Amino acid sequence: MHLEDYLLQRIAFLLLGTSFLCFAVPLAKRLPGVPGQKPYFIVSASLLLVFSSCLGYIYVEKFQTRLKNRIAYREAFLEYNKYPTSRMLTHDITYQPKGSQFSATSRMKVQNQKKVKMDRLLLFLNPGLEIDKIESDGQNLPFHRDRQIVVIEHSLAPGEKIELEIEYGGSIDEDIYQVNIPDEDFFAPVVYTSFHENYGKRSAFVSDKFTLLVPEVMWYPTAVPPVEMQASKEVNFTAYTLRVKKPGEMTVSTMHIGRTIVHKRVLLCVHACTLLRFSTNYLAIFVQVLHIFREFFVSLSYAR
């Protein structure tokens, strides 16, 4: 989890416990003739109680804000789900790390593979990233954003293609990660690997020492959302190219197709294609089934 949230929670409980101890001191029996300092303990306990309550309120409010963000992102997906989406044929990403932030340039070829005309193009990008410009053939294209939805005011006829260049950067908003997961499971203290990748309570890491980015946080523009709020899911197979600019002391290496790792001060940028993600999900289901069978046979052995 986030270190600042962890420390905020622990400090709030520490101050709350200390305030209760201070409140309990005046209630303790003292030896006859020994002067007490009850007012000092009461004042100190009251101040600690107020301070711990403020820290606790800040801690809870941060989670309430994250919950509201996830609800808003979920509603945005559902609102724009009725509009047709294009297909991204090729996507060339140039990534440049900048400490806790990054900048990137995406050059992509997009096609309308529907049988109807698209009055505007829809792309999907992490809401924490700011778009500097969107160009096509050297001309700026007007656009506006609705949270994670990028609406480009450009029409496409059936079968028509367009090349786009998008410059963007900033920091990752992790609340966008897999908004199809129920909020009670997403914020649960225990992380179930059937819902999440096994990355702990964080879904993205960006720093000068270690960076981990997965497709579900939408750190690069996509033509279809990485998660689907309804039963049907659209598939977009894209030829990706990833370049890391000025990695400094980081060393770039490739683990396998669709996944790039930069380590020694590690940068991990994942843009696995849908086919790879599907096979990973099937593997996770297979492992879960094996686990169920194992528990069943273990219970039988104990019954005997």
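The values are calculated or read from the model by the stated rules, or taken from the named source; none is laboratory data. Computed from a prediction, not measured in an experiment: that's the story for all the values here. A quick note on method: Cβ atoms are made from the backbone with ideal geometry, for glycine too, and the neighbour counts reach across all protein chains shown.
Filtered by the rule that a residue be exposed (fewer than 14 other Cβ atoms within 10 Å of the Cβ) and farther than 22 Å from residue 81 by Cβ, segment 131-158 gives 132, 133, 137, 138, 139, 140, 142, 157. Of the strands (runs of 3 or more DSSP E) that lie entirely inside segment 36-141, those containing 3 or more residues that are at pLDDT 90 or above and in contact with a Ser or Thr (Cβ under 9 Å, 6 or more places away or on another chain) span 87-98, 101-111, 121-124.
Scanning segment 170-186 for residues that are part of a helix (DSSP H, G or I) and either crowded, with 17+ Cβ neighbours inside 10 Å or not assigned by the TED database to the domain that holds residue 92 (or both) returns 174, 175, 176, 186.
Per-residue answers, yes or no, for (1) outside the structural domain of residue 177 (by the TED database); (2) crowded, with 17+ Cβ neighbours inside 10 Å; (3) within 30 Å of residue 189 (Cβ to Cβ); (4) hydroxyl-bearing (Ser, Thr, Tyr):
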position	(1), (2), (3), (4)
46	yes, no, no, yes
53	yes, no, yes, yes
76	yes, yes, yes, no
110	no, yes, no, no
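Within segment 207-225, the set of residues being in a loop (DSSP other than H, G, I, E, B) and of a type outside the set (Phe, Trp, Tyr) comprises 207, 208, 209, 214, 218, 221, 223, 224, 225.
Can you tell which of 12, 76, 45, 24 is small (Gly, Ala, Ser) and in contact with a strand residue (DSSP E or B) (Cβ under 7 Å, 6 or more places away or on another chain)? Spell out how you get there, then give the answer.
Working: 12 fails: in contact with a strand residue (DSSP E or B) (Cβ under 7 Å, 6 or more places away or on another chain); 45 fails: in contact with a strand residue (DSSP E or B) (Cβ under 7 Å, 6 or more places away or on another chain); 24 fails: in contact with a strand residue (DSSP E or B) (Cβ under 7 Å, 6 or more places away or on another chain).
Residue meeting the stated conditions: 76.
Among the residues of segment 237-246 satisfying the criterion of being assigned to a loop (DSSP other than H, G, I, E, B) and surrounded by fewer than 16 Cβ atoms within 10 Å (Cβ to Cβ), which is modelled with the lowest pLDDT? Ranking the qualifying residues of segment 237-246, first place goes to 246.
Considering (1) in a strand (DSSP E or B); (2) over 24 Å from residue 215 (Cα atoms), the lone condition that residue 145 does not fulfil carries the number (2). Taken together, the residues in segment 157-169 that are closer than 19 Å to residue 238 by Cα, of a type outside the set (Asp, Glu) and part of a strand (DSSP E or B) amount to 4.
If the condition is being at pLDDT below 85 and touching a Cys at 6+ places or on another chain (Cβ under 8 Å), then segment 181-235 contributes only 211. Among the residues of segment 119-130, is any within 23 Å of residue 203 (Cα to Cα) and surrounded by fewer than 17 Cβ atoms within 10 Å (Cβ to Cβ)? Within segment 119-130, one or more residues are within 23 Å of residue 203 (Cα to Cα) and surrounded by fewer than 17 Cβ atoms within 10 Å (Cβ to Cβ).
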